[in-house]
Amino acid sequence: MKNLTKITFLVLLIVASSCASRKKTIVPPQPQAFKWMTANLSIQAEGNGMDFNDLSGQIRMRKDSIVWLSVSATMGMEVLRAKISNDSVWIVNRLEKSYLAEPLDTISAQLGMPFSLPMMQTLLLDNNEGLPPVENQTVQLKTFVMGNMSAKIRYNNIKIDEKTTFPLKITNKMERFRLQEKQ
């Protein structure tokens, strides 16, 4: 009788385990908020009678702290470098050999609307949650404040929370350029 009980228990165990579903639910990884992000960019911009289809660039961003942006033409020549921090905007325009260095308050007054680093990061990331873009995501930027400009930015080679280095201080590069006249 003991053997019959053992055999019955073993058969029930085998039957129960064979009836169980073998499918595993795979949950795709969800994007996480980040502290650091580096990505390569493909940029198409148009407006004010100009059309740029073959721009590339690199963005380096620390959430709620700083955005570095470098934009290059097709031949690899850097045409623009920008640094946006919590208190100021620095832009080096290599085509016009000029630069702009202004506090965010001044930029907000000139635009006639609020302008801040979190707002800029929200526009660049295309979300309010502070989530990084996904590979080959395209973000559409439009502004009617500065002459009906628009741009499409496609992100690739995205690196999240990896150590990154920032370019030399932007002010060192500005010594070679003249101050851009305010309009």
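General remarks:
- In the condition set (1) at pLDDT below 85; (2) outside any helix (DSSP H, G or I), Ser17 is compliant with all but (2).
- Positions within segment 87-112 being hydrophobic (A, V, I, L, M, F, W, C) and either at pLDDT below 85 or surrounded by 15 or more Cβ atoms within 10 Å (Cβ to Cβ) (or both), in sequence order: Val89, Trp90, Ile91, Val92, Leu95, Leu100, Ala101, Leu104, Ile107, Leu111
- Some residue of segment 99-119 being under 21 Å from Arg154 (Cβ atoms), in contact with a helix residue (DSSP H, G or I) (Cβ under 6 Å, 6 or more places away or on another chain) and in contact (Cβ under 8 Å) with a residue 24 or more places away in the chain: no
- Hey, Asp51 assigned to a strand (DSSP E or B) and open to solvent by 90 Å² or more (accessible area, probe 1.4 Å) or not: yes
- Cβ-Cβ under 7 Å pairs, at least 6 apart or on other chains, segment 64-93 side touching a residue at least 60 places away in the same chain (Cβ under 8 Å) and under 18 Å from Gly130 (Cα atoms), far side open to solvent by 20 Å² or more (accessible area, probe 1.4 Å) and part of a loop (DSSP other than H, G, I, E, B): Trp68/Phe166; Trp68/Pro167
The values are calculated or read from the model by the stated rules, or taken from the named source; none is laboratory data. As the structure is a prediction and not an experimental result, all values here were calculated from the model. When we count neighbours, we look across all protein chains shown, and the Cβ atoms used for this are built from the backbone with ideal geometry, even at glycine. With ligands, DNA and RNA removed, areas are computed over all heavy atoms of the protein, side chains included. Shrake-Rupley method; radii C 1.70, N 1.55, O 1.52, S 1.80 Å.
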